[in-house]
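The values are calculated or read from the model by the stated rules, or taken from the named source; none is laboratory data. Just so it is clear, the model here is predicted, and its values are computed rather than measured. Note: ideal-geometry Cβ built from the backbone for every residue, glycine included; neighbour counts use all protein chains shown. When the accessible area is computed, the model is the full protein with side chains, heavy atoms only, and any ligands, DNA or RNA have been set aside. Shrake-Rupley method; radii C 1.70, N 1.55, O 1.52, S 1.80 Å.
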Amino acid sequence: MKKSTIWAIAIIMGFSFLALLSLQFLYVEEMVKMKKEQFDESVNRSLYQASHNLELNETLRYLEKDVNETERRAFTQDSVSVDGIGGTIKHSHQFAVAADDGTIYSSFQVKAFQMKPANVPKAMILRKDKNSLVDAAKSMQEIVRQRYVYQKALLDEVVYNILYTASDKPLKERINFRMLDSEIRNELSNNGINIPYHFTVSTTDGREVYRCPDYEDKGEQYTYQQVLFRNDPQSKMGLVRIHFPEMNSYIFSSVRFMIPSIIFTIVLLITFLFTIVVIFRQKRYTEIKNDFINNMTHELKTPIASISLAAQMMNDDSITKSEQMTKHLGTVISDESKRLRFLVEKVLQMSMFDKKSVVFKKKELDLNEMVENIAQSFNLRVEHTGGKIYTQIEAVDSGIYVDEVHFQNAITNLMDNAVKYRKPDEPIDIYIHTWNDEHSHLCLSIRDTGQGIKKENLRKIFDKFYRVHTGNKHDVKGFGLGLAYVKKVVDLHQGDIKAESELGKGTKFTITLPVLQEDEQ
């Protein structure tokens, strides 16, 4: 599949996942906003009703008190008289209410007439009974009217007392805080809110007069308030403030069912991104493997062709073979066989490392001594280019516990790369340095004055099969396994290797190893 096709699929799928995730977050945000608005409305409605109930309770309390006091101040006057002429008994009942200053608010009078039936003819009785019913109806209407006037006067007095007496009292005396707490709780429950809350009561100028016993500041940034006794003068009003420590949990509880959906969407998005990365990585590995196969075919073809040509010449009877020619052909076959075996062993070594079937035969060695031996063996190759090897041996604790063959091969590969990747037709200088750092580690650096490596290629040089691109030039042979092999060997010896390079000035490799301790010797 083409890279452009993979990118197109990745962009479409990634955009779809992001759009789906955005829609889910928008849905959650709208639900939270709606729930918050409903919560605010319910709390404000509950506080308003609780404050209204508080005023009603105060009114009823003062009304009951005032009625009792008024009834104690009321007086009654009864009178009975007999009309001697008609023999009629007249009964009169008078009820009145007076204020402290003597003012009479209202009074009414109930009159009942009792007549002697023996003194009235029967026909007159019927007529008089009819009139009596009319008079009784009128009397009842008068009683109701007078009663209404009386009750109105009582209510006027109560309202007067509440306005000019109750409001003069401090809030602590006017409010039953336990009853207010009960009213708030009941109203919140009626509106579907059953979570803990904390409240305070203060005056309009900010003086706090009450705070609930279990008050805490959590959630105080979302505070609701309601005016108490809102019809009183401004200075006599109260203010109740309430907040909910668990309000966020209550609001987000309505969107909990969306959390698994969002989590699964995020997991799918991460899985998709990981899949795309794996696809590109596998594509890159496939390209590297194809390059490796092509390169390996080219590398193996040369020694095989040389061996085949030498063998044909030795088997061709038409060619006269001198002793010198036979020796030369034997040398060619031997050298090319060694080269072929070296290439195959490189591939087999990396295969063994990948399968983790390699077995190290570690022993105690001296790094300084090993470096000097390798430098001496490479001295001729470097001098052949016109350059020189400089060694700076400064490591005091130079004992290491390594596999001699593999570790020596690792250092040899670094030296070999320095020679192979030198600047064309220019001498190469190699600087080898050993020392102990402040953390008691043993360090080895190999620096050359060769071509150098670009920064974008530097981080890939330890990847298997990777080779720095040199355009159409193929003057340097290899599979791209040398530095990968060095990295594996150093890692398996609990060491670390890093590369520094500047294009056109050279490359420096630094290996850090644990020092062989005395108790390990």
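List of remarks:
- Qualifying residues in region 340-363 (those that are at pLDDT below 70 and of a type in the set (Lys, Arg)) - the one least open to solvent (accessible area, probe 1.4 Å): Lys346
- Of the residues making up region 168-189, those that are open to solvent by 70 Å² or more (accessible area, probe 1.4 Å) and within 39 Å of the chain's Cα centre (by Cα) are Arg185, Asn186.
- Count of region 362-394 residues, restricted to those that are in a loop (DSSP other than H, G, I, E, B) and either under 53 Å from the mean Cα position of the chain (by Cα) or among the aromatic types (Phe, Trp, Tyr) (or both), is 1.
- Only a single criterion out of (1) closer than 16 Å to Lys36 by Cα; (2) among the aromatic types (Phe, Trp, Tyr); (3) open to solvent by less than 40 Å² (accessible area, probe 1.4 Å) is not satisfied by Tyr250, namely (3).
- If you go through region 402-457 and keep only what is open to solvent by 40 Å² or more (accessible area, probe 1.4 Å), touching a Phe, Trp or Tyr at 6+ places or on another chain (Cβ under 6 Å) and not in a loop (DSSP other than H, G, I, E, B), you end up with Tyr431, Arg447.
- Candidate set: region 190-242, residues that are of a type in the set (Phe, Trp, Tyr) and in a loop (DSSP other than H, G, I, E, B); chosen: the one most open to solvent (accessible area, probe 1.4 Å): Tyr222
- Residues (at pLDDT 85 or above and closer than 23 Å to Leu516 by Cβ) located in region 411-429: Ile411, Leu414
- Single residue of Asp463, Asp496 found to be at pLDDT 65 or above, open to solvent by 70 Å² or more (accessible area, probe 1.4 Å) and either under 24 Å from Tyr431 (Cβ atoms) or out of contact with any helix residue (DSSP H, G or I) (no Cβ under 6 Å at 6 or more places or on another chain) (or both): Asp496
- Test: residue in region 299-317 that is open to solvent by 50 Å² or more (accessible area, probe 1.4 Å) and modelled with pLDDT under 75: yes
- Near pairs, Cβ below 9 angstrom, 6+ apart or cross-chain, from region 413-425 (under 15 Å from Lys505 (Cα atoms)) to any residue that is open to solvent by 60 Å² or more (accessible area, probe 1.4 Å) and at pLDDT 85 or above: Ala418/Arg447; Tyr421/Gln451; Arg422/Gln451; Lys423/Gln451; Pro424/Gln451
- Taking the criterion of being farther than 14 Å from Phe177 by Cβ and out of contact with any helix residue (DSSP H, G or I) (no Cβ under 8 Å at 6 or more places or on another chain), the residues of region 206-230 that qualify are Gly206, Arg207, Glu216, Asp217, Lys218, Glu220, Gln221, Thr223.
- Here Asp397 meets the list (1) at pLDDT 90 or above; (2) under 53 Å from the mean Cα position of the chain (by Cα) almost entirely, failing just condition (1).
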